[in-house]
Amino acid sequence: MIRSMTGYGRAQQINGGLDTSFELKSVNHRYFDFSLRSPRAYSFLDDKIKAFVKSKVSRGKIEAYLHIEELESEAAEVRINKPLLEGYLNAFKELESDYELRNDASVMQVARLPEVLSVKKAEADEEAVWESVKPVIESAVEGFIKMRETEGEKLKADVLSRADAIIENVDYIEERSPQTVKEYTEKLTLRIKEILEDKTVDESRILTEAAIFADKVAVAEETVRLRSHISQLSSMLNSEQAVGRKLDFLVQEMNREANTIGSKCQDVNVTKKVLDIKAEIEKIREQIQNIE
């Protein structure tokens, strides 16, 4: 299914004592570009999250945000730096004796001294944390992809409608082209007769000139290729794979054929149709910039 590169997804769940929320949004980008903001204490999850998202998404500039709140705190161990504390206490005694100061240090005051106390939390079980967080990531990414697919269907419908408009113009050009040769032949004959003042006209010469003109304005090869490109376009839009880059190349080829037809046409009506084709191709090009 065709996907847009614009999307948004968010999920929040409580698993394994963790209240986790994950949010991601994306815009157009030529390649896969992923950035994640997460709590420093859980930075070990960053690579796992990026790998998971990349397994589901091939292109787009994605910004993601992870928030984790612990609902069940693990027991923490408070440690006393005894050598440092003893150093402080000895210094207090020295101040008391040397400068006749009262040593009134309390437990609370001592506890506030730098690095006397330290708190050590139990190391998180990374795999257990990942198993708690993963369902939230999956849910957010699922919603993210669903939105991209919905937008992709709209893009697909628009591109196909423009492809149909191109085919209608190609039909007209193919029908009109032989008529331009006939009209050129008639005008050439009339002009020669006027110049020769009703003298004998060399029909073979007129036919030769008409043949040269017909060869110059022949666009059958270009219209056949353009039809083929439109057919490929439709097939790609029904693909289950990411086809954005292929579509970009295909549209370049379509534009090349339209330019060639435009350079050959000698008829104002055909010229108008070529301009319409190029306008539709440009609109298709703009739309496929949004396709993954």
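What follows draws every value from the coordinates through simple rules; no lab data is involved. Predicted, not measured: the structure shown is a model, and the values here were computed from it. Methodologically, a virtual Cβ is constructed for each residue, glycine included, from the backbone with ideal geometry; neighbour enumeration extends over all protein chains shown.
Among the listed pairs LYS146/LYS278; LYS146/LYS246; LYS61/LYS278; LYS48/LYS154, those with a Cα-Cα distance over 27 Å are LYS146/LYS278; LYS61/LYS278; LYS48/LYS154. Round to a whole angstrom and tell me the spacing of the C-alpha centers of segment 81-102 and segment 23-64. Computed from Cα coordinates, the inter-centre distance equals 54 Å. Our note on the geometry: Cα centres of segment 151-182 and segment 234-253, 18 Å apart.
Amide H contacts under 5 Å for GLY60: HIS29, TYR31, PHE32, ASP33, restricted to partners 5 or more places along the chain or on a different chain, H placed in the peptide plane at 1.01 Å from N. Applying 1/(1 + (r/R0)^6) with R0 = 35 Å to the Cβ-Cβ distance of ARG10 and SER118 gives a FRET efficiency near 0.40. Packing here is the average count of other Cβ atoms within 10 Å per residue, and on that basis the peptides 132-145, 97-110, 39-52, highest first, run 132-145, 39-52, 97-110.
Full extension of the chain segment joining GLU96 with GLU282 gains 58.3 nm, where the gain is 0.36 nm per residue of separation less the Cα-Cα distance. Computing Rg and the Kirkwood Rh from the Cα coordinates of segment 76-121 gives a ratio, Rg/Rh, of 1.07. Spin-label model, ARG225 to LYS54: label points 7 Å out along the Cα-to-beta-carbon direction sit 3.8 nm apart.
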